[in-house]
Amino acid sequence: EQLGRTFDDPLVQRNIDLDMAVLECYHRELSQVEWLLEKQAKKHQPTYYHLLKTIPGVGRILALTILYEVGDIRRFESVQKFASYSRLIKCKAESAGKTYGTQGNKIGNAHLKWAFSEAAVLYLRGNPGAQKLLQRFQKRMSKACLTGSSRSVLKPGVC
């Protein structure tokens, strides 16, 4: 309502009303899909779903994303392979002992990278202790070891 009153032109107001109706429809449909996914997660893997939600920074959507993108965690031979699959480790291009930089930034699961990055940002947002730890890492390591965005998240195995 407030947005519609910002503009005097009735055509602009009508377009805003139409956009708001579309957003409301999307919101209603997405809420139903989220409810259904959560119901399935509680039915098929209730323990894993509950454990994921106990991680600081991980809520309903991130827990569902991680749960369904990982699938069976036992398919990964090691933590390193899982971290690589989750795009948390950059691939190094090496030949005969020489490093040529990184390559294969698209290798792995983009949805898991997003979920873990969001969880880290949300954890840092409300945790002064974690923020201090991040500052210590930033002082100790070069900027190349940290992601270059405002959503700085440490990437294990990069440095």
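The values are calculated or read from the model by the stated rules, or taken from the named source; none is laboratory data. Just so it is clear, the model here is predicted, and its values are computed rather than measured. Neighbour counts are summed over all protein chains in view; Cβ atoms, including those assigned to glycine, are modelled from backbone coordinates with ideal geometry. Accessible surface areas use protein heavy atoms only, side chains included; no ligands, DNA or RNA. Shrake-Rupley method; radii C 1.70, N 1.55, O 1.52, S 1.80 Å.
Given a 1.4 angstrom probe, what's the average accessible area per residue across region 1-44, in square angstrom?
92
Equivalent ellipsoid semi-axes for region 1-44, as square roots of 5 times the alpha carbon gyration tensor eigenvalues: give them largest first, rounded to whole Å.
On the way: eigenvalues 257, 12, 3 Å².
Here the semi-axes work out to 36, 8, 4 Å.
According to a simple spin-label model (label point 7 Å from Cα along Cα-to-Cβ), what is the distance in nm between Glu1 and Lys43?
4.0
Would you list which aspartates and glutamates come within 20 Å of Lys132, measuring only between C-alpha atoms, while excluding same-chain residues fewer than 8 positions from it?
Glu118
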